[in-house]
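As structure tokens, the structure follows; a few thoughts come after it.
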Amino acid sequence: MADINKLPVHVGIIMDGNGRWARLRGKERSEGHRQGAEVFREICTYAADLGIKYVTFYAFSTENWKRPQLEVSAIMNIFRTFLREAEERQQENEERGLRFRFIGDMSKIPGDIAERVKALEERTSDKTRTTVNLAVNYGGRAEIVKSVRRIAGMVKNGEIEPSDVDEKTIEEGLYTAGQPDADLIIRPSGEQRLSNFLLWQSAYAEFWYSDVLWPDFTKSDFDKALYAYSKRSRRFGAV
Ligand code: IPE
Ligand code: IPE
Ligand code: MG
């Protein structure tokens, strides 16, 4: 087990490999997404029980709209199921101190989902133990563009001068405003890339990759990532 004093504060997880998991079993890709959602629930609970303060799960990217309509709507239905279950399990989640946040552009998401998202965020907004960010229609570049637009507006209105803009101003316009940077990014499925995830927030993140496909990912894989993280020497540019 990883040293409890060296747990990451913010873990990002790129839940990848659902499609390949399904194909290997001769199933539809949507079956892989369904199994992936089960694993999400398990790892989400586990991270909270370990006392991880922030966990960000990459569920759907701004680029994932390029997928077949049938797959996209299957994924949207999985979000619906998750949101319905979160309502049913409200007490359990509350006892666990889970706060849910959705990061990404919700204006492009079907209206019924966006409404339930808002309700879940409001219902859990006073919870402080573990914040679970679900990245849905999320793109790191789109997030930075959003922040830059906000700043351009402030300059235009004369609220600030261009020279007032610093890293903090940009951070305040991100979806993760007020949250610490990512310490550890986990990507299963054998791919070793960021795919537009937490670009700004991962400036000094540690990376952990695994060949395991997300639907096969277990608590023990999560432990391995935490253990590897606890052995890293983070220098942030210093000696
Ligand atoms: C990740 O699994 C889930 C989403 C991107 C929505 P994939 O669907 O990308 O699975 P692979 O990479 O095709 O195996
Ligand atoms: C990243 O996975 C997005 C999510 C896991 C939600 P992708 O499968 O979309 O990434 P690429 O296309 O392999 O880079
Ligand atoms: Mg993929």
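Just to be sure before I move on: is Gln69 surrounded by fewer than 14 Cβ atoms within 10 Å (Cβ to Cβ) and away from ligand 2 (no atom under 13 Å from the Cβ) in the structure I sent? The answer is yes for Gln69. Within the range 103-117, residues that are on the phi > 0 side of the Ramachandran plot and surrounded by 15 or more Cβ atoms within 10 Å (Cβ to Cβ) reach partners that are not in a helix (DSSP H, G or I) and not aliphatic (A, V, I, L, M) with beta carbons closer than 6 Å, at six or more positions or on different chains, in the pairs Gly104/Asn137; Gly104/Tyr138. Selection of the range 1-27 for residues being in contact with a helix residue (DSSP H, G or I) (Cβ under 6 Å, 6 or more places away or on another chain) and either part of a helix (DSSP H, G or I) or more than 11 Å from ligand 2 (Cβ to nearest atom) (or both) yields Ala2, Asp3, Lys6, Pro8, Asn18, Gly19, Trp21, Ala22.
Go through Ala59, Ala37 for me and flag whichever is modelled with pLDDT of 95 or more, within 11 Å of ligand 1 (Cβ to nearest atom), in contact with a strand residue (DSSP E or B) (Cβ under 6 Å, 6 or more places away or on another chain) and closer than 16 Å to Leu134 by Cα.
Values: Ala37 fails: in contact with a strand residue (DSSP E or B) (Cβ under 6 Å, 6 or more places away or on another chain).
Just one listed residue meets the conditions, Ala59.
Among Ile78, Ile52, Ile43, which is the only one that is assigned to a loop (DSSP other than H, G, I, E, B) and either within 20 Å of Ile103 (Cα to Cα) or open to solvent by less than 10 Å² (accessible area, probe 1.4 Å) (or both)? Lay out the reasoning, then the answer.
Numbers: Ile78 fails: assigned to a loop (DSSP other than H, G, I, E, B); Ile43 fails: assigned to a loop (DSSP other than H, G, I, E, B).
From the options Ile78, Ile52, Ile43, the qualifying one is Ile52.
Exactly one residue out of Leu174, Leu194, Leu184 is within 14 Å of ligand 2 (Cβ to nearest atom), in contact (Cβ under 8 Å) with a residue 24 or more places away in the chain, open to solvent by less than 70 Å² (accessible area, probe 1.4 Å) and closer than 26 Å to Arg235 by Cβ: that is Leu194.
Every condition in (1) closer than 22 Å to Glu191 by Cα; (2) more than 10 Å from ligand 1 (Cβ to nearest atom) is met by Ile52 except one, and the failing one is (1).
Can we say Arg84 is more than 10 Å from ligand 1 (Cβ to nearest atom), over 14 Å from Asn133 (Cα atoms) and outside any strand (DSSP E or B)? So Arg84 fits the description; yes. Filter the range 11-30 down to residues that are open to solvent by less than 30 Å² (accessible area, probe 1.4 Å) and farther than 30 Å from Gly51 by Cβ and give me whichever is nearest to ligand 1 (Cβ to nearest atom). Selected residue: Gly19.
Just so you know, in the range 204-233 the residues that are touching a residue at least 12 places away in the same chain (Cβ under 8 Å) and of a type in the set (Gly, Ala, Ser) include one that is nearest to Glu31 (Cα to Cα), and it is Ser210. Looking only at the range 40-63, filter to residues that are within 12 Å of the chain's Cα centre (by Cα) and of a type in the set (Gly, Ala, Ser); which one of those is nearest to Arg141 (Cα to Cα)? Only one residue fits best here, namely Ser61.
The values are calculated or read from the model by the stated rules, or taken from the named source; none is laboratory data. What you are looking at is a predicted structure, and each value in this text was computed from that prediction instead of being measured. Every residue, glycine among them, receives a Cβ derived from its backbone with ideal geometry; neighbour counts consider all protein chains shown. For accessibility, only protein heavy atoms count, side chains too; no ligands or nucleic acids. Shrake-Rupley method; radii C 1.70, N 1.55, O 1.52, S 1.80 Å.
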